[in-house]
Structure formats: structure tokens, C-alpha cells
Amino acid sequence: MIRIEGLTKSYGNALALRGVSFEVPRGQVVGFLGPNGAGKSTTMKILSGFVTPTSGTAHINGIDVIGDSVVSRRLIGYLPENNPLYEEMMVRDYLEFAADVRGVPRIRRKERIRSAVERCGLGSVLGKDIQQLSKGYRQRVGIAQAILHEPDLLILDEPTSGLDPNQIVEIRNLIRDLGREKTVLLSTHILSEVQSTCSRVLIISDGRVVADDSPEQLSTAQ
Ligand code: ADP
Ligand code: ADP
């Protein structure tokens, strides 16, 4: 489902990726684990077409997504790290807008929004402005916008960062639930996150994938 090969990315003199290659077959929930600055976001931004690598290839379902965020966005649901939302918009209106941007046909829009709202537990905040929401609800809105067009693949960049413990449990449960029917790549710098959510872990350090293992193997190795 995801195939990336030999990705490098330099920002000026800084080398963010030094040759990242991996494949993710359909159905896996994969944790992308590494410290801050390891290159997780850069890899995910390349997959979502927002950042162009210096070299290497990236395919989703066999389709080249490099430099093409429009094509990529149709194929994946993407929750960016800073979860940019329109602060002054009501949740309901924002989801309408996002469905439009994601190319959901008008006739399907109501049903898709209803379904995403239900899955993400947003029923009680539809009439609120996004700026009134807690961080946990903001992340749910971010995940809801990512699944509106029913992509098979979700790319979630640090989905629980900055949340309190209760919110973390809720978002992890939601991701586990989505992982039953979708392929998921989620980044984190927290080992327990991949242990509670993922079937496979890729460890990235200093722009390189340094391990590819099951969460169980990983915890016994430590
Ligand atoms: P992670 O998501 O693992 O924290 P990133 O992919 O965000 O890592 O960053 C990898 C490296 O690239 C870091 O050293 C970071 O400072 C650098 N970097 C990321 N984005 C930019 C940018 N727009 N300009 C310059 N350097 C960047
Ligand atoms: P672009 O490649 O120009 O960002 P997109 O199709 O990705 O085009 O986005 C179209 C619109 O959606 C833009 O107005 C952009 O600001 C907005 N947008 C992008 N990302 C998000 C997001 N995560 N949530 C809400 N709106 C977004």
C-alpha cells in the first residue's frame, strides 16, 4: 500500500532524511517511532505530497505521490502534526468544507459527515466553534476530516501529542477502532503508544530507519 525507497531530504545544509525505505502492506497498523527531529514528519509530508524529497520515490497503491498533494489527499487521510483547523468555523461547517475539499460528491456528503461524526464522537460539539474545543476534541475533528472521503490509508502525525491522559486513551481507542478496517501509519516518540496501538514498529533515528519489528520484540529488547 505504501512503498517508499531511498528518500533523502535536505533543508539547506541540514540532512533531515538520509535514505528512508520501507513498505507497508494493506491492513497493518504501523508505528513510526523516533525522537524529535528524527524525520517522521518529513517522511509523512512527502507521502502527503506537501514536501518534495531531494531524492527517492514514494508510491501509494502504486501511484507516484511525490509533489502532488491533490492526488495524495484523495488516497490518504492525513492528520498533520499541528492539526491546522479553521478556528472561527463551527465544527459542522468545517466538516462540510473539508468534505468539499476532499472531493466527496455532494450527494454523499451528509452521510459521510454523519458517519465520521459518529465514529469520532463529535455529536455534542457540532454547533461549537473550533476555537472553543479542548485539545482532545480538536484531534477528533482532525481525524474526522481525515476519514470523510473514506480513504483506506490513514497517516497520523503525533496524534496524541499534547493531550492529557484521558484524552490519550480516547484517541488511542479511536485509532485502534479505525485500524480494524484501515491501514494506518502513526508517528510518535512514545514507546507505549506503539505498544498499545500498533502491530508493527519502524524506528527512525537521525533520518534513517534503524529497526523494523513487532512491538513485543521491541519491548523485550529493551
Ligand atoms: P520529527 O517529525 O521526527 O520530529 P522532522 O521531520 O520534523 O522530524 O524533522 C527532521 C529534521 O529536519 C529536523 O532536524 C528538523 O529540524 C529539520 N526540518 C524539518 N522541517 C524543516 C524545515 N522546514 N526547514 C528546515 N529544517 C527542517
Ligand atoms: P493545497 O495543496 O493547496 O494545500 P489542499 O487540497 O490540500 O490544497 O487544501 C485545500 C484547502 O484546504 C486549502 O484552502 C487549505 O488551506 C485547506 N487545508 C489544508 N489542510 C487542511 C486541514 N488539515 N484542515 C483543514 N483545511 C485544510
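Restricting attention to the stretch 126-134, does a residue exist that is in a strand (DSSP E or B) and buried (at least 18 other Cβ atoms within 10 Å of the Cβ)? Looking through the stretch 126-134, none of the residues is in a strand (DSSP E or B) and buried (at least 18 other Cβ atoms within 10 Å of the Cβ). Return yes or no: is PHE32 under 13 Å from the mean Cα position of the chain (by Cα) and either within 16 Å of ligand 2 (Cβ to nearest atom) or in contact (Cβ under 8 Å) with a residue 60 or more places away in the chain (or both)? Yes. Whenever a residue of the stretch 50-71 is acidic (Asp, Glu), its partners that are within 16 Å of ligand 2 (Cβ to nearest atom), lying with C-beta atoms within less than 7 angstrom and at least six residues away or across chains, give the pairs ASP68/GLY49.
Here, each number is a calculation from the coordinates, and none is a lab measurement. Please read all numbers here as calculations on a predicted model, not as lab measurements. Glycine gets a Cβ as well: all are built from the backbone with ideal geometry, and neighbour counts include every protein chain shown.
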